[in-house]
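Please treat every number below as a calculation from the coordinates, not as lab data. It should be emphasised that the depicted structure is a prediction, and the values quoted were computed from it without experimental measurement. Glycine gets a Cβ as well: all are built from the backbone with ideal geometry, and neighbour counts include every protein chain shown.
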Amino acid sequence: MTQVLALSGSLRARSFNTAALHAAQELAPEGMTITLYEGMSDLPPYNRDVEQAGYPPPVADLHAQIRAADALLIATPEYNYSIPGVLKNAIDWATRPPGDAPVTGMPAAILGVTTGMWGTVRAQLHLREILHHNALRVVAKPEVYINQARDKFTDNQLTDEATRDFIRQLLENLHTLAN
């Protein structure tokens with residue numbers, strides 16, 4: 001069984017990115033389980049002094065959940081042409097300590113949702129660079145840029161079949177990469 005930990009870069013209660021991760025849970029191929037990480041808002045800002053004093057409980061929990069997973073699935077909105085600060089902060093904690101970070105070498109897949117036209121293209125580009133720098137193996141295709149979210153979600157449920165198919169393919173490729 002491939003265990004996937006899903007991270008949403010949005011803290012909004014009715015986040016389209018989190019809704020896309022819930023859709024991914026439904027669309028996961030046989031042999032894959034996706035668990036949504038719920039502690040994003042509990043992570044303190046990354047601080048080397050705090051790290052050296054010992055990981056705070058939310059950071060230790062993040063590390064434990066990543067180490068228990070076989071792969072990551074990350075959904076990112078696009079803020080100011082890049083990834084949200086809360087997602088970058090989680091990645092900063094997850095890539096510590098150098099040489100023994102829980103994410104090193106881990107397979108990962110990316111998707112992103114926006115209400116605009118560009119579907120998080122710039123944020124995903126930045127996220128790919130960050131993950132590559134930290135030695136994660138990122139699924140190359142398909143690139144899942146979900147634009148005009150208000151037309152693709154009904155009552156915070158992903159209803160657009162073409163988008164659901166893209167997510168299915170992304171998850172199948174993540175499953176292959178993880179095994």
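Hey, what do the phi angles of segment 131-145 turn into as Karplus ³J(HN,Hα) couplings, whole Hz, using 6.51/-1.76/1.60 and θ = phi - 60°, x for Gly and Pro?
5, 4, 4, 9, 6, 7, 9, 9, 4, 7, 9, x, 7, 9, 9
Please list, short to long, the whole-number percent of alpha-carbon pairs of segment 94-179 in consecutive 5 angstrom bins beginning at zero.
3, 14, 21, 20, 18, 12, 8, 3, 1
Work out how much length LYS141 to ASN179 would gain on full extension: take 0.36 nm times their residue separation and subtract the Cα-Cα distance, in nm to one decimal.
12.0 nm
What is the dipole size for the chain, taken about its Cα centre, with +1 at each Lys and Arg Cβ and -1 at each Asp and Glu Cβ, in debye to the nearest 20?
I would put it at about 320 debye.
In percent, how large is the relative contact order of the chain, given Cα pairs closer than 8 Å and 6 or more residues apart?
Details: 332 pairs, mean separation 47.6, N = 179.
Rounded, it is 27 percent for the chain.
Can you find, among LEU170, GLY85, LEU5, the residue sitting farthest towards the positive end of the charge dipole of segment 2-178, where Lys and Arg contribute +1 and Asp and Glu -1 at Cβ?
GLY85
Measure off 7 Å from each Cα along the Cα-to-Cβ vector at THR115 and GLU26, then give the distance between these two points in nanometres to one decimal.
My value for the distance between the label points is 2.2 nm.
Arrange the following residues from fewest to most other Cβ atoms within 10 Å of their Cβ: SER10, SER15. Walk me through the numbers on the way to the answer.
On the way: SER10 23, SER15 19.
If I rank by nearby Cβ atoms, fewest first, I get SER15, SER10.
Enter the angle in degrees (range 0 to 90, nearest 10) between the Cα long axis of helix 57-68 and the first principal axis of the Cα atoms of the chain, meaning the one along which they spread out most.
60
How many percent of Cα pairs in segment 1-130 exceed 25 Å?
The calculated P(r) of segment 1-130 puts 22 percent of pairs beyond 25 Å.
Using a Förster distance of 45 Å, how high is the FRET efficiency between ARG122 and MET1, based on the Cβ-Cβ distance and rounded to 0.05?
0.85
What FRET efficiency would be calculated for the residue pair SER41, ASN80, taking the C-beta separation as r and a Förster radius of 22 Å, to the nearest 0.05? Can you show the working numbers first?
Details: r = 20 Å, r/R0 = 0.89.
After rounding, the FRET efficiency stands at 0.65.
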